[in-house]
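Since the structure comes first, as structure tokens, the remarks are kept for the end.
The values are calculated or read from the model by the stated rules, or taken from the named source; none is laboratory data. Because the structure is predicted, anything quoted here is derived from the model rather than measured. Every residue, glycine among them, receives a Cβ derived from its backbone with ideal geometry; neighbour counts consider all protein chains shown.
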Amino acid sequence: MLISISIKVCACKSGRHEEAIISFNKNIDLDSGNSQTLYYKGLSLSAVGRRKDAIDIFDQVLQILPGSVETWLQRGIAQADLAGIMMRLNHT
């Protein structure tokens, strides 16, 4: 049985991202094509600083929903954050 997406989204939106990621993973194990679960997992990954992982997840969403503007936006934000981190590391 799939864990309710609303419970996971609440965990994500309330800042309990690690808890949400665990729940998202359980659902993805059962239904790897659930774009909504993947999207919110990407948001949580990005929020905890795992931007490369988030980008990979957003790419999976875009394979399912190539026209998802929200996903393109969040992927771009994660990519920009990752690029900024890399630039700062190269200048230290």
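Structure notes:
- At least 1 residues being of a type outside the set (V, I, T) and at pLDDT 85 or above is the threshold, and among the helices (runs of 4 or more DSSP H) wholly inside the range 1-89 those reaching it are 17-30, 35-47, 51-64.
- Members of the range 37-67 found to be among the polar types (S, T, N, Q) and surrounded by fewer than 17 Cβ atoms within 10 Å (Cβ to Cβ), listed by number: Q63
- Per the conditions (1) in contact with a Phe, Trp or Tyr (Cβ under 8 Å, 6 or more places away or on another chain); (2) of a type outside the set (A, V, I, L, M); (3) crowded, with 16+ Cβ neighbours inside 10 Å, the sole criterion not satisfied by E70 is (3).
- Filtering the range 54-92 to residues that are touching a Leu at 6+ places or on another chain (Cβ under 7 Å) and under 19 Å from D31 (Cβ atoms) leaves I57, Q60, V61, S68, T71.
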